[in-house]
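Participant: Below is a structure I'd like to ask you about.
Read-outs throughout are calculated quantities, based only on the coordinates presented, and are distinct from any laboratory measurement. On a predicted model such as this, the values are computed, not experimentally measured, just so you know. All Cβ positions, even for glycine, are placed from backbone atoms using ideal geometry, and neighbour counts span all protein chains on display.
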Amino acid sequence: EPEVTQTPSHQVTQMGQEVILRCVPISNHLYFYWYRQILGQKVEFLVSFYNNEISEKSEIFDDQFSVERPDGSNFTLKIRSTKLEDSAMYFCASSPGAGDRGYTFGSGTRLTVV
Amino acid sequence: GDSVTQMEGPVTLSEEAFLTINCTYTATGYPSLFWYVQYPGEGLQLLLKATKADDKGSNKGFEATYRKETTSFHLEKGSVQVSDSAVYFCALYGGATNKLIFGTGTLLAVQP
């Protein structure tokens, strides 16, 4: 069964450093997403991406964050100048089209900012 | 805005016990409702869904019924197994935007 793959599974970074979280969506999917879950809190939507541009973003997704699809397979989330409160589990997801059908999540990257 | 509220965990049960995890929602319009499960070390997996009022989603012995009158989508299983130990997330998809709105998740621990 096709999977969404995320790397690394766990990343530790120092406060103020930049991190890039990587995702390989399912190959024929057109919509890509990032969500995050701070420990003990809700899974929160960050951003959706379609046709090489952001289609929607949440209030959380400020100038510190950016997304990119640098080639035909990868979808990345960059966090500039990380803060302690960026520590969370970050989930990538993809879907074949608009709507909830086929929405598939990766296993997540646990980011720890120290 | 749209939101999902689910019961806090952890929920600890003995094997073969009956499980209920409560979930209620607030939404404009008629959302689709979901239960996702996250096993240790794995991603979010769709467990079941319901797209309209009175629909019942079911999978792996789990069931949930879309109750519009009570804005609820409670997850039930008649006899849990140790392998059901995981975190369960209730979620809605409102259709106006292409995002899922999740509850906080409920940790289920089943003891032999």
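Participant: Can you give the mean number of other chain Cβ atoms that lie within 10 Å of the Cβ atoms in peptide A:98-107?
Facilitator: Partner Cβ neighbours, averaged per residue: 6.
Participant: Along the charge dipole of segment A:1-78, which of A:HIS29, A:TYR50, A:HIS10 sits closest to the positive end, that is, farthest toward it, with unit charges on the beta carbon of Lys, Arg, Asp and Glu (+1, +1, -1, -1)?
Facilitator: A:HIS10
Participant: Taking the Cα centroid of segment A:1-80 and of segment B:61-112, what is the distance between the two, rounded to the nearest whole Å?
Facilitator: About 24 Å separates the Cα centre of segment A:1-80 from the one of segment B:61-112.
Participant: Within segment B:9-83, which GluC sites (Glu not before Pro) sit in a loop by DSSP and count at most 12 neighbouring Cβ atoms inside 10 Å?
Facilitator: B:GLU16, B:GLU69
Participant: Work out which trypsin sites (Lys or Arg not before Pro) in chain B are exposed loop sites (DSSP not H, G, I, E or B, at most 16 other Cβ within 10 Å) and give the longest gap free of them.
Facilitator: Answer from the scan: B:1-51.
Participant: If the limit is 25 Å between Cα atoms, which of A:LYS42/B:LYS77; A:LYS78/B:LYS49; A:LYS57/B:LYS56; A:LYS57/A:LYS78 go over it?
Facilitator: A:LYS78/B:LYS49; A:LYS57/B:LYS56
Participant: Quick check on the protein assembly as shown: of the DSSP beta bridges with both residues there, what percent are antiparallel, nearest 5%?
Facilitator: Percentage antiparallel, nearest 5: 90.
Participant: Return the single residue from B:LEU19, B:LEU100, B:LEU48 with maximal mean-square fluctuation; model: Gaussian network over chain B, springs between Cα atoms under 10 Å.
Facilitator: B:LEU100
Participant: Another one. Within segment A:52-114, report the trypsin sites (Lys or Arg not before Pro) that DSSP leaves as loop and that have at most 13 other Cβ atoms within 10 Å.
Facilitator: Passing both the DSSP loop test and the Cβ count: A:ARG80, A:LYS83, A:ARG101.
Participant: If you take each beta carbon of peptide A:52-63 and count the beta carbons of other chains within 10 angstrom, what is the mean?
Facilitator: If you average over the peptide's residues, the count of other-chain Cβ atoms is 1.
Participant: Given an 8 Å cut-off on Cα distances and at least 6 residues of separation, report the relative contact order of chain B as a percent.
Facilitator: 37
Participant: Suppose R0 equals 41 Å. What FRET efficiency, 1/(1 + (r/R0)^6) with r the Cβ-Cβ distance, do A:SER81 and B:LEU107 give to the nearest 0.05?
Facilitator: 0.80
Participant: Can you tell me the FRET efficiency between A:VAL24 and B:THR20 if r is taken as the Cβ-Cβ distance and R0 is 22 Å, rounded to the nearest 0.05?
Facilitator: E between A:VAL24 and B:THR20, to the nearest 0.05, is 0.05.
Participant: Also: In whole percent, what relative contact order does segment A:27-109 give with Cα contacts below 8 Å and a gap of six or more residues?
Facilitator: Relative contact order of segment A:27-109: 32 percent.
Participant: Also: Do any GluC sites (Glu not before Pro) in segment A:25-114 lie in a DSSP loop with no more than 14 other beta carbon atoms within 10 Å, and if so, which?
Facilitator: In loop regions of segment A:25-114 (DSSP not H, G, I, E or B), the sparsely surrounded GluC sites (Glu not before Pro) are A:GLU59.
Participant: Decide, for the protein assembly as shown, between rounded, prolate and oblate: order the square roots of the alpha carbon gyration tensor eigenvalues as a ≥ b ≥ c, take rounded if a/c falls under 1.5, and otherwise choose prolate if a/b is larger than b/c, else oblate.
Facilitator: Prolate is the answer for the protein assembly as shown, as a/c is 1.5 or above and a/b outweighs b/c.
Participant: Any idea what the dipole of segment A:1-113 comes to, in debye rounded to 20, about its Cα centre with Lys/Arg Cβ at +1 and Asp/Glu Cβ at -1?
Facilitator: That gives a dipole near 200 debye.
Participant: If you take the beta carbon distance between B:LYS52 and A:GLN11 as r and set R0 to 35 Å, what does 1/(1 + (r/R0)^6) give as a FRET efficiency, to the nearest 0.05?
Facilitator: About 0.30, to the nearest 0.05.
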